[in-house]
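Undergrad: This is the structure I want to talk about, given as structure tokens.
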Amino acid sequence: GMVLAIASGRTTITVNYNNIETAECVIDVKSIEDGEYFIKNVRLDNYTQLDDDGGVIVEAWEFDGAQDQRWNITYVGAGYYKITCAKGGKALTVTDTEKANKALEVADYNGASTQMWRIDKLGNGNYKITPKVAIDTNKDWSMAVGEGIGADGRNIEYRNYSNLNNQEKGQWKLE
């Protein structure tokens, strides 16, 4: 037969014949292939980059193709990815597990739920990027651009997706 995946994640398929378990298989379904990407916000039409002042904050900026705008996305299992900046190799990280609307930062990767991300393809072809810590604690957080005047230099934050005044702030293109 054939199995059709409708979402990324991990599933177990058990095959039975005459009420006897004959085989079991664990399958990981990935939403994207591992690789280097530019992460572009749909609303602002700007790219996610490491703060160009040498900091750890992640911000939106017009495209320049530099290392601080290149992100390595690597599948780590069970439907989750780590996202590391090509400049310095540090991982995209949620900094406060209690409050939303905080800037994302980069830090050394340690495999914590604050550094693992589910990347879901939406019906419009864009992606929603959700930290594992939000899923584990039933929070509606996703990666989104923060508020501000102008597009360049706005913080990339984890925000309540349902409360965004424009959900395109929390939607991304992976190029």
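The values are calculated or read from the model by the stated rules, or taken from the named source; none is laboratory data. Computed from a prediction, not measured in an experiment: that's the story for all the values here. Glycine gets a Cβ as well: all are built from the backbone with ideal geometry, and neighbour counts include every protein chain shown. Calculation scope for accessible area: heavy atoms of the full protein, side chains included, ligands and nucleic acids excluded. Shrake-Rupley method; radii C 1.70, N 1.55, O 1.52, S 1.80 Å.
Undergrad: Roll a 1.4 Å probe over the protein chains and send me the accessible area per residue for the chain in Å². Don't jump to the answer; show the numbers that get you there.
TA: Values: 9120 Å² over 175 residues.
On a per-residue basis, the chain sits at 52 Å².
Undergrad: Ok, one more. Let me spell out the model: positive unit charges on the Cβ of Lys and Arg, negative unit charges on the Cβ of Asp and Glu, origin at the Cα centre of segment 46-170. What dipole size does that give, in debye rounded to 20?
TA: On the way: 14 positive and 18 negative charges, 115 e Å.
Dipole magnitude for segment 46-170 comes out near 560 debye.
Undergrad: Another question, then. Between Tyr37 and residues 5 or more places away or on another chain, which pairs have amide H atoms under 5 Å apart, with H built 1.01 Å from N, and which residues are they?
TA: Trp71, Asn72, Ile73
Undergrad: Could you run the Karplus curve 6.51 cos²θ - 1.76 cosθ + 1.60 with θ = phi - 60° over segment 154-164 and give me ³J(HN,Hα) per residue in whole Hz, x for Gly and Pro?
TA: 5, 5, 8, 10, 9, 10, 6, 4, 5, 8, 5
Undergrad: Ignoring ligands and nucleic acids, what accessible area does Thr97 show with a 1.4 Å probe (Å², nearest 10)?
TA: About 50 Å², rounded to the nearest 10.
Undergrad: Oh, and also: In terms of solvent-accessible area of protein heavy atoms at a 1.4 angstrom probe, what is the ranking of Glu175, Glu105, highest value first? Please report the intermediate quantities before stating the final value.
TA: On the way: Glu175 90, Glu105 60 Å².
So, going from the largest accessible area down, we get Glu175, Glu105.
Undergrad: Each residue of segment 44-61 in turn: what ³J(HN,Hα) in whole Hz from Karplus with 6.51, -1.76, 1.60 and θ = phi - 60°, glycine and Pro shown as x?
TA: Each residue of segment 44-61 in turn: 8, 6, 10, 10, 6, 8, 6, 3, 6, 8, x, x, 10, 6, 9, 9, 9, 7 Hz.
Undergrad: Can I ask one more? Simple spin-label model, 7 Å along Cα-to-Cβ: Glu168 to Ile57 in nm?
TA: It is 2.5 nm.
Undergrad: Let me ask something else. What ranking, highest mean first, results for peptides 79-89, 157-167, 14-24 when packing means the other Cβ atoms within 10 Å averaged over each residue? Mind showing how you got there, number by number?
TA: Details: 79-89: 18.8, 157-167: 16.5, 14-24: 8.4.
Order by mean packing, descending: 79-89, 157-167, 14-24.
Undergrad: Any idea what the relative contact order of the chain is, in percent, if you count C-alpha pairs under 8 Å spaced at least 6 apart? Spell out each step's value before the answer.
TA: Values: 412 pairs, mean separation 37.2, N = 175.
Contact order relative to length: 21 percent.
Undergrad: Please report Rg (one decimal) and Dmax (integer) in Å for the Cα set of the chain.
TA: Values for the chain (Cα only, Rg and Dmax): 17.5, 66 Å.
Undergrad: Still on this structure: Find how much the distance from Lys121 to Val29 grows on full extension, using 0.36 nm per residue of separation minus their present alpha carbon separation; answer in nm with one decimal.
TA: Values: separation 92, 0.36 × 92 = 33.12 nm, distance 1.25 nm.
Residue separation times 0.36 nm, minus the Cα-Cα distance, leaves 31.9 nm.
Undergrad: Also, I was wondering about something else. Kindly write out, for segment 139-149 in residue order, the coupling ³J(HN,Hα) from the Karplus curve 6.51 cos²θ - 1.76 cosθ + 1.60 (θ = phi - 60°), rounded to whole Hz, with x marking Gly and Pro.
TA: 9, 8, 7, 8, 5, 7, 7, x, 7, x, 9
Undergrad: Let me ask another. Leaving out ligands, DNA and RNA, what percent of the accessible area of segment 18-175 is carbon and sulfur, probe 1.4 Å? Numbers along the way, then the final one.
TA: On the way: 3190 of 7530 Å².
The C+S portion of the solvent-accessible surface of segment 18-175 is 42 percent.
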